[in-house]
Amino acid sequence: MSRIGRQPITVPSGVTVNAENGVFKVKGPKGELTVPYNTALSIKQEGEQLLIERSSDKPEQRAQHGLARSLIANAVQGVSEGYTINLELRGVGFRAKMSGKALELAIGYSHPVVIDPPEGVSFTVPEPTRIDVSGIDKQLVGQVAANVRRVRKPDAYHGKGVRFLGEHIPLKPGKAGAK
């Protein structure tokens, strides 16, 4: 049983939805997204709620049921509220700044690292040691944040690097003193 697939999706006011031929289109105040879905599933709108139903109980359709519901719910939330992932820099001299729309990182390399955001994603730097990645597509925002983190992953001995805000990095013990 797909418990996730059976949950209704609430469509906020100001958001319009359209589902036909395996493509779900959603348009809201922050932008618009399209989500492909399996044509064996049907999407019905009842008032301000969307229901996703499957025609049979085959394993392939059951697997697609919860997936389609999650992707559509993420798209609806994205065009109405958007998504933001916060990153923090830890390390002496590590800092970030904006250079136009691009993000410029000084994180211990001999040169600054410049990251251009893809379309639909924006960077903000509220503090020199904090980066906010925001956009309407949850998958794209998460991927861009992971790419920024990948530039300098937190080191296992000191914890220096780029990490998600509030992420706990278990530190390894250093070398024991020689006796």
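The values are calculated or read from the model by the stated rules, or taken from the named source; none is laboratory data. As the structure is a prediction and not an experimental result, all values here were calculated from the model. All Cβ positions, glycine included, derive from the backbone under ideal geometry; neighbour counts span all protein chains shown. For the accessible areas, the whole protein counts, side chains as well, though only heavy atoms, and no ligand, DNA or RNA atoms are used. Shrake-Rupley method; radii C 1.70, N 1.55, O 1.52, S 1.80 Å.
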Margin query: Cβ-Cβ under 7 Å, sequence separation 6+ or interchain: first residue in the stretch 8-19 and closer than 21 Å to Leu67 by Cβ and open to solvent by 60 Å² or more (accessible area, probe 1.4 Å), partner assigned to a loop (DSSP other than H, G, I, E, B) and not hydrophobic (A, V, I, L, M, F, W, C). Which pairs?
Written below: Thr10/Glu48
Next item on the list: Filter the stretch 7-64 for residues that are under 29 Å from Ser134 (Cα atoms) and in a helix (DSSP H, G or I) and give the result.
Entry: Gln64
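Take the residues of the stretch 162-179 that are of a type in the set (Lys, Arg) and part of a loop (DSSP other than H, G, I, E, B): which is most open to solvent (accessible area, probe 1.4 Å)? Spell out the reasoning first.
Initially, the stretch 162-179 is screened for residues of a type in the set (Lys, Arg), giving 163, 172, 175, 179.
Filter once more, so that each one left must be part of a loop (DSSP other than H, G, I, E, B): 172, 175, 179.
Numbers: Lys172: 110, Lys175: 200, Lys179: 240 Å².
Only one residue tops the list, namely Lys179.
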Checklist line | Top-ranked residue of the stretch 80-99 - restricted to ones that are over 14 Å from Lys160 (Cβ atoms) and outside any strand (DSSP E or B), ranked as farthest from the chain's Cα centre (by Cα) | finding: Ser80
Next item on the list: Please work out if Ile107 is touching a strand residue (DSSP E or B) at 6+ places or on another chain (Cβ under 8 Å), closer than 26 Å to Gly166 by Cα and open to solvent by less than 20 Å² (accessible area, probe 1.4 Å).
Entry: yes
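Check every one of the strands (runs of 3 or more DSSP E) wholly within the stretch 110-161 and list those with 2 or more residues that are open to solvent by 60 Å² or more (accessible area, probe 1.4 Å) and touching a strand residue (DSSP E or B) at 6+ places or on another chain (Cβ under 8 Å). Give the derivation first.
Working: elements: 113-115, 121-127, 130-135.
So the answer is 121-127.
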